[in-house]
1. Contact order normalised by length for the stretch 1-136, with contacts defined as Cα pairs under 8 Å and 6 or more residues apart; what percent is it?
2. Lysines within cross-link reach of Lys27: Cα-Cα under 19 Å, excluding same-chain residues under 8 positions apart?
3. Where a ≥ b ≥ c are the square roots of the eigenvalues of the C-alpha gyration tensor, would you call the stretch 1-108 rounded, which needs a/c under 1.5, or, failing that, prolate if a/b is larger than b/c, or oblate?
4. If the reach is capped at under 22 angstrom between alpha carbons, list the lysines near Lys128, excluding any in the same chain fewer than eight residues apart.
5. Mean Kyte-Doolittle of at least -1.0 plus a Cα span of 20 Å or more along the axis: flag which DSSP H helices in the chain meet both, please.
6. Please name which of Gly74, Thr136, Ala56 has its Cα lying farthest along the dipole of the stretch 4-150 towards the positive end, using unit charges on Cβ (Lys, Arg +1; Asp, Glu -1) and the Cα centre as origin.
7. Using amide H atoms built in the peptide plane, which far-off residues or other-chain residues are under 5 Å from Ile23 H to H?
8. Residues with beta-carbon under 13 Å from that of Glu116, excluding Glu116: net charge, scoring Lys, Arg +1 and Asp, Glu -1?
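Any read-out appearing in this document is the output of simple, stated calculations on the displayed coordinates, not a laboratory observation. Source: prediction; values computed, not measured. FYI the Cβ positions are ideal-geometry reconstructions off the backbone, even for glycines, and counts take in every protein chain you see.
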Amino acid sequence: MISCYDVAKYFLSLNDEEVGELISNLKLQKLVYYAQGFHLAIEGEPLFGEAIHAWAHGPVIPDLYHAYKEFGGGPIPSPDGFDPARIGEDTRALLDEVYSVFGQFSAWKLRNMTHEEPPWLEAYGEGKSGVISKKTMEEYFTTLVKDDEQN
């Protein structure tokens, strides 16, 4: 199993500074969340082991957030020395698909999208655990995969 850091570095390696497609911490958190969700739905198992928490601005992996918080709301540079081949070919294909679909949206749009989805809604708020359930993610993202297959 890879880590959330591997997934994050993979997405950051897709940054194209020449066309202005840079990823902020907020956007990175949402891309990693969507990668986990679709992996759960398609493979029936987590992509990475770290827990995703429901924060005010959507799903966040706290340690990953802290690893990049120095960049504030600005762009995070592409990682030096990251070898995408450390991630299996099938997983890279899934991450490329997630990036293709969700990478086009702004960080704020992704934040707003997650606020309408059951995994975040069921975990966020007073009296709730604050941790997004992998089971809830798998159930929700499975419905998205099935809807896509029917269209």
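1. Contact order relative to length: 34 percent.
2. Lys9, Lys69, Lys109
3. rounded
4. Excluding near neighbours in sequence, the set is Lys30.
5. Details: long enough: 25-43 (26 Å, 0.12); 134-150 (24 Å, -1.38).
Span-like helices in the chain: 25-43.
6. Towards the positive end, the residue furthest out is Ala56.
7. Answer set, sorted by chain and number: Ile76.
8. +1
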